[in-house]
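First the structure, in the form of structure tokens, and then the observations on it.
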Amino acid sequence: MCSGPCVSQESQTVENPAPTGRSYPIGATLARGGANFSVFSRSAARIELLLFDRVDDARPSRVIPIDPFGNRSYHYWHVFVPGVEAGQIYGFRAYGPFEPACGLRFDPSKLLLDPYGRAIVVPKSYSREAACRKGDNTATAMKSVVTDPHAYDWEGDKPLKRPWSRTIIYEMHVRGFTAHPSSGLPESKCGTYAGLVEKIPYLKHLGITAVELLPVFQFDAQDAPAGKTNYWGYSPVSFFAPHQAYSSREDPMGVVDEFRDMVRALHRSGIEVILDVVFNHTAEGGSDGPTQCFRGLDNPAYYLLCEDRSQYANFTGTGNTLNANHPAIRRMIVDSLRYWVSEMHVDGFRFDLASILARDSSGAVMSNPPVLWDIESDPVLAGTKLIAEAWDAAGLYQVGSFVGDSWKEWNDRFRDDLRDFFRGAEDSVWRAADRLVGSPSIYGPKEREPEQSINFVACHDGFALNDVVSYHHKRNEDNGENNRDGCEENRSWNCGFEGPTDDPEIEKLRTRQVKNFLTAVMLSGGVPMFVMGDEVRRTQHGNNNAYCQDNDTSWFDWNLRSKHADVLRFVTLLIQRRVIRDVEHERRRVSLSQVLREQQHAWHGVKLNQPDWSRFSHSIAIGGELKTEGVFVHVILNAYWEALDFELPPLRDARDTWRRWIDTALDPPHEICDWNAEQPVRERTYRVGPRSVVVLIAGGGMNGEHTG
């Protein structure tokens, strides 16, 4: 084991040893007469608890040493401090060797956050740079806050536990949803949890059933190129504290209650809350990064290190990788998830770069990763939605093979294959067809249900859906990296002109392509997901990596609701018919996608029962029947640049007729029909316009009350 002198620091007056306290619970816990503090560190020689009166204080009001003999149980340092109440601001200092070659980076000149801290305050003078360079950073450091988990009245609220088969996900950014001046909100609420609450009526009208929030764990907004802001939030400094800048309240604990207010309000409207969580890396970055928390408490425990222990394994592309399968770190991850479910009432989690959680301390991939099975089998998390981004930045790809039974997966092959199909790429028909029916080529070998697949064609990462049909090349110059960042291959097609245009024909085609994509997402087997603003053709002006664009490039422009009202109406009606109440069976629900994914279906081309799977084919039709409900659906997708005539299947009942629900080639409002207003189709063939989608329905059980 390495040894070395502790880093010296300016002496300060410290108190006499405080009561011993307990090793559990970890973090800061209020108890009768004060608070218990417990923090993990295997390698520290000495730890101090610092208490502050104000967030901007350059010096603590109290320094409490944690005795390594009387106040340490195993690797947990603990102390009870009388008189501490909710709202107390605090941090730690950890003393020990600074020997990077041995993996040790103790620096007592740096104020450290509590890894289990439930709230964080950020001084106006916060400086990431000060946490990187030598010297005391107390005045410019984030600080933890003691909270009272029992002080909030949930008024009977509980997680909704909606079945996956009835889930429609809307990926969104808390700040970006209401930060734009067009939101119409008071400035104090723009970009906040409270602002999102004000817009719940819009979400409810849209019909989505779950919001998937981009990271809301406290993150370092300065972890971005000079002059930019880390907007997305994939730069966490805490796994327990909600991001303070998203709160409209000034008091240190207000952010916790405001987040709870948001969850409670969404639940009252029948909308679940899924958090995009980052357990693969932190904001402390690589060897030249800041010392904010984990690095200064126990660097070799929290991070995967290279053979050269001064360097960090970088399976994330962000400078470091969390040592997720270390026993103490596994516990922290599970404790974090438990906290957000039990104390914050969230309904699920989407795990960023989840495949990293399958790596051991050497970076090797394990067949049965302990942390993933801990999450899978935890009784507190039973019934919680778990979504994996089943790959990492180092080439590990596990879509279709992610460990466990409870995990669903972002299906990026759905995205790529549908983009290829609708842009007219060769050899794309059979792949698009497979995605429409739940990607059996991916999930069939493990006999997984279609809901294993989270289907999307656009998400926060990459082109917005509007830009998929408006740009061929990325336009990331504003990120300050000379357009080198972001994916080079977008599988997009600009409809004949790069970027914005006043050409009405190109605009009409782009709108049709957007509707084509959204129809495919909503009707395919699996769980549909689309991203904030796709329903109104929000653009990022060709930026496919807008992580540092905290401006109108990323924000939701509420004026687009009127500019692209036809797309908004189209999406709303699509969602309404995704799940329909059967009028004869109050508790039975019939999904149009269910007809295609679960029951007998047949593939067709322009001729019945003669699908064209050739390399140069650009169209396909699928028909299916849900026999228990007498429902027939016929979907035709034509990515060819000319109209084609498709034969229609005969219906079993001669008195019945096909009815046109969707034809994206038609002008609004005829491209999608309201309920009970579908147009009868008398002919035996149907002419499908170029680059368009047609959906025909027949039989009973398709009309009824929308359940949202």
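Here are a few things to note about the model shown:
- Residue in the stretch 347-357 that is crowded, with 17+ Cβ neighbours inside 10 Å and touching a helix residue (DSSP H, G or I) at 6+ places or on another chain (Cβ under 6 Å) present: yes
- Total residues in the stretch 511-528, condition in a strand (DSSP E or B) and either within 26 Å of Gly317 (Cβ to Cβ) or touching an Asp or Glu at 6+ places or on another chain (Cβ under 9 Å) (or both): 1
- Against the test of being assigned to a loop (DSSP other than H, G, I, E, B), modelled with pLDDT of 95 or more and of a type in the set (Lys, Arg), the options Arg330, Arg309 yield a single qualifying residue, Arg309.
- Positions within the stretch 348-387 being part of a loop (DSSP other than H, G, I, E, B), at pLDDT 95 or above and among the hydroxyl-bearing types (Ser, Thr, Tyr), in sequence order: Thr384
- In the set (1) in contact with a helix residue (DSSP H, G or I) (Cβ under 6 Å, 6 or more places away or on another chain); (2) surrounded by 20 or more Cβ atoms within 10 Å (Cβ to Cβ); (3) part of a loop (DSSP other than H, G, I, E, B), Val633 fails one condition alone, (3).
- Out of Asn320, Asn325, one residue alone is free of Cβ contacts under 8 Å to residues at least 40 places away in the same chain, crowded, with 19+ Cβ neighbours inside 10 Å and either touching a helix residue (DSSP H, G or I) at 6+ places or on another chain (Cβ under 6 Å) or not aliphatic (A, V, I, L, M) (or both). It is Asn320.
- Contacts under 7 angstrom Cβ, first residue in the stretch 603-620 being outside the structural domain of Leu436 (by TED's automatic domain parsing), partner among the acidic types (Asp, Glu) and surrounded by fewer than 20 Cβ atoms within 10 Å (Cβ to Cβ), 6 or more apart: Gly605/Asp612; Val606/Asp645; Val606/Glu647; Lys607/Glu647; Leu608/Glu647; Arg615/Glu426; Arg615/Asp427; Phe616/Glu426
- Residue match in the stretch 630-643 (condition: among the charged types (D, E, K, R) and modelled with pLDDT of 95 or more): yes
For (1) closer than 18 Å to Asn411 by Cβ; (2) surrounded by 22 or more Cβ atoms within 10 Å (Cβ to Cβ), each residue gets a yes or a no:
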residue	(1), (2)
Gly444	yes, no
Glu451	yes, no
Asn455	yes, yes
Asp467	no, yes
Tyr471	no, yes
Gly480	no, no
Phe497	no, no
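- Filter result for Arg59 (closer than 27 Å to Leu104 by Cβ, surrounded by fewer than 20 Cβ atoms within 10 Å (Cβ to Cβ) and either β-branched (Val, Ile, Thr) or in contact with a Phe, Trp or Tyr (Cβ under 8 Å, 6 or more places away or on another chain) (or both)): no
- Of all residues in the stretch 651-668, those that are assigned by TED's automatic domain parsing to the domain that holds Val633 have Cβ atoms under 8 Å from Cβ atoms of residues that are at pLDDT below 95 and among the charged types (D, E, K, R), 6 or more apart or on another chain, in Thr657/Arg682; Arg659/Glu678; Arg660/Glu678; Trp661/Arg577; Trp661/Glu678.
- Of the strands (runs of 3 or more DSSP E) lying entirely inside the stretch 126-245, those containing at least 1 residues that are under 20 Å from Asp114 (Cβ atoms), over 21 Å from the mean Cα position of the chain (by Cα) and at pLDDT 95 or above span 143-145.
- Qualifying residue in the stretch 594-604 (condition: in contact with a helix residue (DSSP H, G or I) (Cβ under 7 Å, 6 or more places away or on another chain), aliphatic (A, V, I, L, M) and modelled with pLDDT under 95): yes
- Residues located in the stretch 529-563, provided they are over 20 Å from Phe219 (Cβ atoms), assigned to a loop (DSSP other than H, G, I, E, B) and of a type in the set (Gly, Ala, Ser): Gly533, Gly542
The values are calculated or read from the model by the stated rules, or taken from the named source; none is laboratory data. All values reported here derive from a predicted model rather than from experimental measurement. Positions of Cβ are backbone-derived with ideal geometry, glycine not excepted, and every protein chain shown enters the neighbour counts.
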